[in-house]
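The next block holds one structure in the form of structure tokens; read it before the comments.
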Amino acid sequence: MLRLFPIRFRRLPKDRQFDRFDLVELLATKANDPRPESYRVDEGSIRLIETSTLTDEAKVRLWQPFIAPSLKALHEENRTTGRSLGIVRPDPDSVKFFHKPAQDADTEDRKVAEAVQQVQQSSFLEEPLKPLEKAEYAFGYRFRSNGHPHNHIIHDWEVQAAYRHYKQRYGTTALDQIAHEYGENIPKRNLHFLMGTMASHMRTFIIIGLLRSSLDPYELARQQKLF
């Protein structure tokens, strides 16, 4: 599991833009970043090889090996080995989705969110893109991992993009719609949190993505052992 940057997706030519689970070819070198998984990408080398035709089972088998026993265990490994990426499964029936006005988010969360947005928009020696719309709400999850309670804001473009789409489609009921999708539907689909640290916050894990599937990765692992 690697962290690849910079990939200024909105600047990529259409024939180089890719979706999750597409197969791409690119050149990358170890970044000047103490996090072991961080690699710098030559954006000009990105080539889309194949759009995803993977089954749900094949997709889960790709990310299954990176599931940590718990978020606490991931923190401990971060202190001993520097590991800065991992996947965490919340305890069953412990997930609670929440939202709050962006200005009410904790100071630390606001700093991280602003840093994430700055990275998304940064571009050197080129005309600036149209700025991304400032977040109106902060969205997150309260959950337990191996019995320990956690409270995390989602620092991922996906949930903000979903909210913008819901605003256009549903208007004043957008928050209800996103609460239903992220609070009820997604947790039923074997929700896992993709956790990562930032270069300026190397000991703090944040939610940088959501993984879900119709298949339970633990059940797949058990089947592998049986056969």
> If you scan the stretch 127-152, which residues turn out to be at pLDDT below 95 and either hydrophobic (A, V, I, L, M, F, W, C) or part of a strand (DSSP E or B) (or both)?
Replying inline: LEU129, LEU132, ALA135, TYR137, ALA138
> Here are some conditions: (1) in contact (Cβ under 8 Å) with a residue 60 or more places away in the chain; (2) not assigned by TED's automatic domain parsing to the domain that holds ALA199. LYS59 meets all but one. Which one does it not meet?
Replying inline: (2)
> ALA179 versus (1) within 23 Å of ASP19 (Cα to Cα); (2) outside any strand (DSSP E or B); (3) at pLDDT 95 or above; (4) among the aliphatic types (A, V, I, L, M): which is the lone unmet condition?
Replying inline: (1)
>> Conditions first: (1) surrounded by 12 or more Cβ atoms within 10 Å (Cβ to Cβ); (2) at pLDDT 95 or above. ALA161 passes all but one, so which condition is the exception?
In response: (2)
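Tell me which residues, restricted to the stretch 34-90, are in a helix (DSSP H, G or I) and farther than 16 Å from THR197 by Cα. Give the derivation first.
Taking the stretch 34-90 first, the residues in a helix (DSSP H, G or I) are 56-66, 71-81.
Listed by number, the residues that qualify are ASP56, GLU57, ALA58, LYS59, VAL60, ARG61, LEU62, TRP63, GLN64, PRO65.
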> Do we find that ARG20 is in a loop (DSSP other than H, G, I, E, B) and surrounded by fewer than 13 Cβ atoms within 10 Å (Cβ to Cβ) in this structure?
Replying inline: yes
>> With the structure loaded, tell me whether ASN185 is without any contact (Cβ under 8 Å) to a residue 12 or more places away in the chain and in a strand (DSSP E or B) or whether it fails that test.
In response: no
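For the structure I just gave you, tell me whether GLU114 is within 18 Å of the chain's Cα centre (by Cα), modelled with pLDDT under 75 and more than 24 Å from LYS72 (Cα to Cα). So that I can check it myself, show each step before the final result.
Numbers: within 18 Å of the chain's Cα centre (by Cα): yes; modelled with pLDDT under 75: yes; more than 24 Å from LYS72 (Cα to Cα): yes.
So GLU114 fits the description; yes.
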> Taking the stretch 171-185 as the region of interest, how many residues are farther than 20 Å from PRO101 by Cβ and crowded, with 17+ Cβ neighbours inside 10 Å?
Replying inline: 0
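The values are calculated or read from the model by the stated rules, or taken from the named source; none is laboratory data. Since the model is a prediction, treat every value here as computed from it, not as a measurement. Ideal geometry is used to build each Cβ from the backbone, glycine not excepted, and the neighbour counts take in all protein chains shown.
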